[in-house]
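Undergrad: If you scroll down you'll find the structure; I have some questions about it.
The values are calculated or read from the model by the stated rules, or taken from the named source; none is laboratory data. Just so it is clear, the model here is predicted, and its values are computed rather than measured. Cβ atoms come from the backbone with ideal geometry, glycine included; neighbour counts cover every protein chain shown.
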Amino acid sequence: MRRILPPGCRFWKGSIQAYVRCPGGGRKAKSFPVDTPNRTLYDWQQRTKLTSAAPASGSFAGDTATYLARIAAHPSHAEIARHLAHWLTALGGARARQTVTAGEIDQVMQGWLRAGLAPDTVRKRRSALLAMFNRLDGKGGSNPVRESHPPPPTRPQVRTLDYAIIATLFGVMPPSRTRARLKVMAWTGLPPAQIRQLEPADVDLERGTVRVAPRRKGRGAEARMLPLLPQAVDAFREFAAVKAWGSFTSAPFALSFQRAAKRVGLTGARPYDLRHAYGALLYEACHDQATVGRLLLHASPAMTARYVSASAGTVDRMAVEAAGSLATAKVTSRPTSQSPESPESPTRPHRPEA
């Protein structure tokens, strides 16, 4: 089946060529490797649209370019630029930013929702616009985004995979670097971005540890040394044997996983579910969200709560069963030698004779 590219992209001389039409005329193009994900192509198009012409000073587009330059070092800069590009397309970049109204913002968001965009995605776009107004005008300044009405947040979907299914899934995959990377993800919970950064010196199979680089997603997480399960040690041995070190693109990684999932009758699964499965496994083992958060490199307890929710029922049942055993032991245990009628009994204080 031939791959479908985003609008403005084509296969050209053994690569993918992406292009955009500049506001002032002409066209800009760039070639990418054929395995480049569609999201990367789209992100380049959106960034190029923002920078292809010098927008008028004081215009919505001009203020957007100024804001993006001020936050150039932000870890999510590319994602923010993509969100703001959608607002420029919807509201018009040539107008003055101060003419944008809360009503217009509400109309645009409702249009996106009617078109089938996820409410959480619409909220992210609104947050990007809100942050830009706050940065340029100050939090006390007039801000139409603050007066708009974001869609209510959706309840996060509980995602995980049973490890019996995971073992079956790996069993139908031929030995490859992708399978080795997926196994490391399943038994360490490391996301693909951090697996890409691993080097042989980071893994100590004798001690059963792996050193992970700082994580920039969200609030970020510092570098740290993580202990490894025996299964993770085996996964890293396979990882080293097939020389899976170094960068890899997300599209073939996800495609290999989905093909294997289809062969075992698994629908709707994604590679990131392996990370959720590891989080659920940790919670069943330790019953402590803080420990799970540290091992998954989470900066927010709220994020950890999403991961442990898949195994919360199991942990609750284990707690009740343990409490039942403890209660039975207390009820059937022999009473102490101290009688409740004794003057020394704590339930009946001694009163001296008159």
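Undergrad: Between a first residue in segment 124-150 that is over 14 Å from ALA81 (Cβ atoms) and touching a residue at least 12 places away in the same chain (Cβ under 8 Å) and a second residue that is exposed (fewer than 14 other Cβ atoms within 10 Å of the Cβ) and not charged (D, E, K, R), which pairs have beta carbons less than 6 Å apart while being 6 or more apart in sequence or on different chains?
TA: PRO144/THR101
Undergrad: Can you find a residue in segment 273-293 that is at pLDDT 85 or above and of a type in the set (Val, Ile, Thr)?
TA: yes
Undergrad: Further question: Could you check segment 242-255 and list, in sequence order, the residues that are touching a Pro at 6+ places or on another chain (Cβ under 9 Å) and in a helix (DSSP H, G or I)? Steps first, please.
TA: Of segment 242-255, the ones touching a Pro at 6+ places or on another chain (Cβ under 9 Å) are 242, 245, 248-251, 253-254.
Within segment 242-255, SER250, ALA251, PHE253, ALA254 meet the criteria.
Undergrad: Would a scan of segment 28-42 turn up a residue that is part of a loop (DSSP other than H, G, I, E, B) and either assigned by TED's automatic domain parsing to the domain that holds SER247 or at pLDDT below 80 (or both)?
TA: For segment 28-42, residues part of a loop (DSSP other than H, G, I, E, B) and either assigned by TED's automatic domain parsing to the domain that holds SER247 or at pLDDT below 80 (or both): absent.
Undergrad: Can you pull out the residues in segment 228-251 that are surrounded by 14 or more Cβ atoms within 10 Å (Cβ to Cβ) and modelled with pLDDT under 90?
TA: Hits for segment 228-251 are PHE248, THR249, SER250, ALA251.
Undergrad: Tell me, yes or no, whether segment 102-120 has at least one residue that is in a helix (DSSP H, G or I), within 17 Å of the chain's Cα centre (by Cα) and in the same structural domain as ALA69 (by TED's automatic domain parsing).
TA: Taking every residue of segment 102-120 in turn, at least one turns out to be in a helix (DSSP H, G or I), within 17 Å of the chain's Cα centre (by Cα) and in the same structural domain as ALA69 (by TED's automatic domain parsing).
Undergrad: If you don't mind, another one. Under 8 Å between Cβ atoms, at least 6 apart or on separate chains: pull out the pairs that start in segment 77-105 with a residue that is of a type in the set (A, V, I, L, M) and end on any residue that is part of a loop (DSSP other than H, G, I, E, B) and buried (at least 18 other Cβ atoms within 10 Å of the Cβ).
TA: Once the first residue is of a type in the set (A, V, I, L, M) and sits in segment 77-105, its partners that are part of a loop (DSSP other than H, G, I, E, B) and buried (at least 18 other Cβ atoms within 10 Å of the Cβ) give LEU91/VAL100; ALA94/PRO55; ALA102/SER148; ILE105/SER148.
Undergrad: Okay, moving on. Condition test on TYR278, is it more than 23 Å from ARG207 (Cβ to Cβ), surrounded by 14 or more Cβ atoms within 10 Å (Cβ to Cβ) and within 21 Å of the chain's Cα centre (by Cα)?
TA: Criteria not met by TYR278.
Undergrad: Which residues, counting only those in segment 242-274, are farther than 15 Å from ARG196 by Cα and either in contact with a Ser or Thr (Cβ under 7 Å, 6 or more places away or on another chain) or touching a residue at least 12 places away in the same chain (Cβ under 8 Å) (or both)? Even if it seems obvious, please write down each step before you answer.
TA: From segment 242-274, those farther than 15 Å from ARG196 by Cα are 255-270, 273-274; that's our starting set.
Those that are farther than 15 Å from ARG196 by Cα and either in contact with a Ser or Thr (Cβ under 7 Å, 6 or more places away or on another chain) or touching a residue at least 12 places away in the same chain (Cβ under 8 Å) (or both): SER256, PHE257, GLN258, ALA260, ALA261, ARG263, VAL264, LEU266, ALA269, ARG270, ASP273, LEU274.
Every residue, every condition in (1) under 29 Å from LEU228 (Cα atoms); (2) β-branched (Val, Ile, Thr); (3) modelled with pLDDT of 85 or more, yes or no:
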site: HIS298; (1), (2), (3): yes, no, yes
site: ARG306; (1), (2), (3): yes, no, no
site: ARG317; (1), (2), (3): yes, no, yes
site: VAL320; (1), (2), (3): no, yes, yes
site: ALA323; (1), (2), (3): no, no, yes
site: GLN338; (1), (2), (3): no, no, no
site: HIS350; (1), (2), (3): no, no, no
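Undergrad: Further question: How about segment 180-203: which of its residues are among the acidic types (Asp, Glu) and in a loop (DSSP other than H, G, I, E, B)? Before you say what the answer is, go through the steps one by one.
TA: So in segment 180-203, the residues among the acidic types (Asp, Glu) come out as 199, 202.
Selection gives GLU199 alone.
Undergrad: Would you check if ALA269 is surrounded by 15 or more Cβ atoms within 10 Å (Cβ to Cβ), in the same structural domain as PRO200 (by TED's automatic domain parsing), in a loop (DSSP other than H, G, I, E, B) and within 20 Å of the chain's Cα centre (by Cα)?
TA: Considered against the rule, which asks whether it is surrounded by 15 or more Cβ atoms within 10 Å (Cβ to Cβ), in the same structural domain as PRO200 (by TED's automatic domain parsing), in a loop (DSSP other than H, G, I, E, B) and within 20 Å of the chain's Cα centre (by Cα), ALA269 comes out as yes.
Undergrad: Related question: Could you please let me know if ILE105 is closer than 23 Å to THR249 by Cα and modelled with pLDDT of 90 or more?
TA: No: the conditions fail for ILE105.
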